[in-house]
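Following: one structure in structure tokens, then a few remarks.
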Amino acid sequence: MRPIRAACLGSATALATLLACVPVATAAATDSGSAHDKGKSRVITLTGRLAQQSRFPVNPGGVPAQGDRTVFRSVLFDKNGAEVGETGGTCTTTRVENGGAEACVVTYTLPGGQITVQGMVFGHLVPGPPPSFDNAITGGTGEFDRARGSIHADTIGTGTRRFTIDLEY
């Protein structure tokens, strides 16, 4: 998120944050491995597009501040461009100096269950494309109920993010 007045979510943003502003999703998805095989891993690559975003600034109309909050939802697509799920989450600004930092909590809803993610996004107040970030998988439901690992997010185009979900069981 850049200055609260006119920002694009860096969370993809948040996970955000986790996402980005506006646009089109060109999908890139891969899925390897099977869930619930203890000691196994699985990588899922999805493309996300921001669908909704609301900002709740501490100083409405003013400069970014600690405690600013962004709530968002994005749509997830597979490699064929088919919609396969969504994310929903919140990010709270924890630091405005040195490019800013925000703490994010996001849920990825996918066929087979949900994956919960938490972590920091640094540099969300720096002008330009939203920053890449890595967040921890903290749990899940359904076929993801034993999931651990991380999610890496990159901006791959205007308003489009690639999420690489690296699962461990």
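The values are calculated or read from the model by the stated rules, or taken from the named source; none is laboratory data. Remember, it's a predicted structure, so these values are computed and weren't measured experimentally. Every residue, glycine as well, gets a Cβ built from its backbone with ideal geometry; the counts of neighbours run over all protein chains shown. Side chains included, ligands, DNA and RNA excluded: accessible areas come from the protein's heavy atoms. Shrake-Rupley method; radii C 1.70, N 1.55, O 1.52, S 1.80 Å.
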Open item on the list: Restricting to segment 51-83, and then to whatever is within 30 Å of residue 111 (Cα to Cα) and of a type in the set (Val, Ile, Thr), can you tell me which residue is surrounded by the most Cβ atoms within 10 Å (Cβ to Cβ)?
Closed with: 70
Open item on the list: With the requirement that a residue be under 22 Å from residue 127 (Cβ atoms) and open to solvent by less than 50 Å² (accessible area, probe 1.4 Å), what does segment 93-110 give you?
Closed with: 93, 99, 100, 101, 102, 103, 104
Open item on the list: Can you find, within segment 20-48, the residue that is farthest from residue 77 (Cα to Cα) among those that are surrounded by 19 or more Cβ atoms within 10 Å (Cβ to Cβ) and modelled with pLDDT of 95 or more?
Closed with: 44
Open item on the list: What's the number of the only condition in (1) in a loop (DSSP other than H, G, I, E, B); (2) open to solvent by less than 30 Å² (accessible area, probe 1.4 Å); (3) more than 24 Å from residue 64 (Cα to Cα) that residue 130 fails to meet?
Closed with: (3)
Task: Tally of residues being of a type in the set (Phe, Trp, Tyr) and either over 21 Å from residue 121 (Cα atoms) or assigned to a helix (DSSP H, G or I) (or both) across segment 137-163 - done: 1
Open item on the list: Could you list, ordered by first residue, the pairs with Cβ atoms under 6 Å in which the first is in segment 46-64 and of a type in the set (Phe, Trp, Tyr) and the second is surrounded by 14 or more Cβ atoms within 10 Å (Cβ to Cβ), at least 6 apart or interchain?
Closed with: 56/69
Open item on the list: Looking at segment 146-166 only, could you name the residues that are touching a Gly at 6+ places or on another chain (Cβ under 7 Å) and either of a type in the set (Asp, Glu) or over 19 Å from residue 88 (Cα atoms) (or both)?
Closed with: 166
Task: Condition met for residue 115 (over 10 Å from the mean Cα position of the chain (by Cα), crowded, with 19+ Cβ neighbours inside 10 Å and at pLDDT 95 or above) - done: yes
Task: Tally, over segment 83-118, of residues that are of a type in the set (Gly, Ala, Ser) and either without any contact (Cβ under 8 Å) to a residue 24 or more places away in the chain or in contact with an Asp or Glu (Cβ under 6 Å, 6 or more places away or on another chain) (or both) - done: 5
- [ ] Look through segment 146-165, keep the residues that are open to solvent by 40 Å² or more (accessible area, probe 1.4 Å) and under 12 Å from the mean Cα position of the chain (by Cα), and return whichever of them is nearest to residue 43 (Cα to Cα).
- [x] 164
TODO: Working carefully through the options 168, 143, find the one that is touching a Lys or Arg at 6+ places or on another chain (Cβ under 7 Å) and open to solvent by 20 Å² or more (accessible area, probe 1.4 Å).
DONE: 168
